[in-house]
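Take a look at the structure set out below.
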Amino acid sequence: MERNLMIAGFGGQGVMTMGKLLAEATSQATDLNVTFFPSYGAAMRGGTANCYVVISDDPIGAPVSYSLEDLVVMNGPSLHKFLPNLKPGGTLFVNSTIVTDPIDRDDIKVIKAPVTQMAIDIKNERALNVIMLGVYVGATDAVPEEVIVKGIEHKFAHKPKLIEPNVEAFKMGLEIGRQQK
Amino acid sequence: MAERVFMKGTEAIAEAAVRAGCRFFAGYPITPQNEIPEYMARRLPEVGGTFVQGESEVASVNMLYGAASTGIRAMSSSSSCGISLYSEGVSYCASARIPMVYVNVQRGGPGIGAIQPAQQDYLQATKASGNGGFRMIVLAPDSVQECVDMVYEAYDLAERDQNPVLVLTDGVMGTMMEPVELPPMKTDEELAACRAKFADRAIVGHPLGHQAACRPGSVGDGQEQENIKAAAMYKTWDKDIRVEEFMMDDAEIVFAAYGISARISRAVVRELRAQGIKAGMIRPITISPFPYDTFKNLDFDRIKGIIDVEMSIPAQMRWDLDYAIQGKCPIHEVLRSGGQLLTNDQVMKGAMEFIKEVL
């Protein structure tokens, strides 16, 4: 089975890091095929940044898709730009702190999480992407949660004091994802 | 088994070159291959190598010419419009029979084109990477793993033939990350043995006037003699032709694609098979020498048509396909260009239009 995800938001929201963490952790802890493809374009400051992650049992074709199973939008412009690329029956993950516009599709599943506010509340403002990764994994079971925990431990191996807060942030997201599954 | 690491195509290319023994890199920045020089700038000093950011592409390719002519393993990389500026240096290396290895991470063209990925340098890469009618082995990877394996092997081919070798990849594979297994680091002894094979030709240590072949240009019939020798060497490349035939045993619809387009076509072939359509794929792995015979020897009573998938408008590999197929079956094209990416869905849609017509 092949599952493709696009993560989109402002530059600085950790969109690339979120995709890379998911992809690299999957590569390290499983035998699955996985690709990560960043799309910067001729981006401006404050413009959109996005990336694609494909996870599959089979060899992966294009690492990019305009027919997505899953879409994460961290800001408003990303919602409007990329919502048409979500397949009917697909799942939209919304950063509901920032994205407040109505979602004008009824053929998709919508999972909302106020990740920007949650990150502020736990005094770890940069962790909004890790919370959202938790929401995604909790709702989809795209990979087992231990895979991401290991990935966080690996990523912050050189800054061990950041491991615990990020694992906590991830688990907060996981709960929300599971509740809305 | 080697460790599985998750790497970006460009960085994997650079690490593979270092592990193959590359100890000199010269290059000039251009998207989408900048992580190759960036990686080399950090990595080469760790292994006693030298990194130079040239003042231009022309300077960089000539530094590569100089470095490779001393018998050490060296590399350069660029992208499309940058590679055009390499033409002179590559042609000089082909003339002087220098085992240079270089990488083209293709982007949109012509001209400055687009910074996004494309496959628009096929004819330049395979037919005329410079003046004078020389030929090169051109390897076309379709995964980050193959980028690694081919760069690692390119040095052996270049040194065996005393001829340039090009690894032709594109901005998709350059910027995407995939799991790879890295090959072992060549030991100093292994590299010394490589250099020893080159000793009677290398410029180092030879007095002026030595008839080492590492210099271009000749008087009298000297140049023609060099052309004849090179042509004889090109004729030995039949054994080097590499081609992947995927689900071809009973295929009626044949995808023809290399590099990024091939991995997409492979996924589409699997989808078509799931729908009961007998599809297959022929993927040239060496695009020079091209696997003409694989196409010539197709069973044209069974084959309903060929679908040429390329990220180039107009199609370029089409020339080689036409030469091999000689009109014996229809050829349909599924193309994007100028930095617009092909996806599985687009190839499927383009293929279905043709399949409905011929099946």
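Enclosing the Cα atoms of chain B in their convex hull gives a volume equal to 140 cubic angstrom per residue. Rounded to the nearest 0.05, what FRET efficiency do B:K197 and A:S96 give with R0 = 51 Å and r taken as the Cβ-Cβ distance? Could you check? FRET efficiency, B:K197 to A:S96: 0.20.
Partner shielding of A:28-34 amounts to 2, given as the average count of beta-carbon atoms from other chains within 10 Å of each residue beta-carbon.
Taking amide H as placed 1.01 Å from N in the peptide plane, the amide H of B:M7 sits under 5 Å from that of B:E178, B:V180, each at least 5 places away or on another chain. Loop-located trypsin sites (Lys or Arg not before Pro) in the range A:48-130 (DSSP state other than H, G, I, E, B) with a sparse environment of at most 16 neighbouring Cβ atoms within 10 Å: A:R105, A:K123.
Taking other residues whose beta carbon is less than 11 angstrom from the beta carbon of B:K328, and scoring Lys, Arg as +1 and Asp, Glu as -1, yields -2.
Electrostatic tally near B:T343: other residues with Cβ closer than 12 Å to its Cβ, Lys and Arg +1, Asp and Glu -1, net +2.
Taking 12 Å as the straight-line reach from the Cα of B:K304, the aspartates and glutamates in range (excluding those fewer than 8 positions away in the same chain) are B:D250, B:E252, B:E357.
Rounded to the nearest Hz, the phi-derived 3J(HN,Hα) couplings of the range B:115-122 under the Karplus curve 6.51 cos²θ - 1.76 cosθ + 1.60 (θ = phi - 60°) are 7, 7, x, 7, 10, 9, 10, 4, where x marks glycine and proline. Sequentially through the range B:289-294, phi angles give Karplus couplings (6.51, -1.76, 1.60; θ = phi - 60°) of x, 8, x, 4, 5, 4 Hz, Gly and Pro residues having no value and appearing as x.
Value of Rg to Rh for the protein assembly as shown, rounded to two decimals, is 1.01; Kirkwood radius and Rg both from alpha-carbon coordinates.
Under the combined filter of DSSP loop state and at most 15 neighbouring Cβ atoms within 10 Å, the range B:257-359 retains these trypsin sites (Lys or Arg not before Pro): B:R302, B:K328.
Within chain B, what's the longest stretch lacking GluC sites (Glu not before Pro) that sit in DSSP loops with no more than 15 other Cβ atoms inside 10 Å? Result for the longest clean stretch: B:56-359.
Counting only Cβ charges, +1 for Lys and Arg and -1 for Asp and Glu, the dipole size of the range B:4-239 around its Cα centre is about 360 debye. Counting only DSSP beta bridges whose two residues both lie in the range B:242-358, roughly 25 percent are antiparallel.
A cut-off of 5 Å between modelled amide H atoms, ignoring neighbours fewer than 5 places along the same chain, links B:Q116 with B:G108. Between B:M75, B:M248, B:M281, the GNM of chain B built on Cα springs shorter than 10 angstrom shows B:M248 fluctuating the most. Peptide B:260-269 has a mean of 3 when you count, residue by residue, the C-beta atoms of other protein chains within 10 Å of its C-beta.
For peptide B:175-185, the mean count of partner chain Cβ atoms within 10 Å of a residue's Cβ comes to 5. Of the residues A:G12, A:P88, A:S78, the one whose Cα sits farthest towards the positive end of the charge dipole of the range A:2-179 is A:G12 (charges of +1 on Lys and Arg Cβ, -1 on Asp and Glu Cβ, taken about the Cα centre).
Within chain B, the whole DSSP H helices whose Cα atoms reach 24 Å or more along their own axis and whose mean Kyte-Doolittle score is at least -0.5 are B:144-161.
Across the range A:58-181, the fraction of Cα-Cα pairs farther apart than 20 Å, rounded to a whole number, is 47%.
Measuring nothing but how far apart in sequence close Cα pairs (under 8 Å, 6+ apart) lie, relative to its length, chain B scores a relative contact order of 18 percent.
In plain terms, the residue of B:D200, B:D142 with the fewest other Cβ atoms within 10 Å comes first and the most crowded comes last, giving B:D200, B:D142. Placing pseudo-labels 7 Å out from each Cα toward the beta carbon at B:L123 and A:K150 gives an inter-label distance of 5.0 nm. In the range B:242-358, Cα pairs under 8 Å separated by at least six residues give a relative contact order of 29 percent. Near A:I108, the amide H atoms lying under 5 Å from its own belong to A:G89; only residues 5 or more places off or on other chains count, and H is placed 1.01 Å from N.
Computed from the coordinates by the stated procedures, all read-outs in this text should not be read as laboratory data. Quantities reported herein were computed from a predicted structural model and do not represent experimental measurements. Quick reminder, even Gly has a Cβ in these numbers, built from the backbone with ideal geometry, and neighbours come from all protein chains shown.
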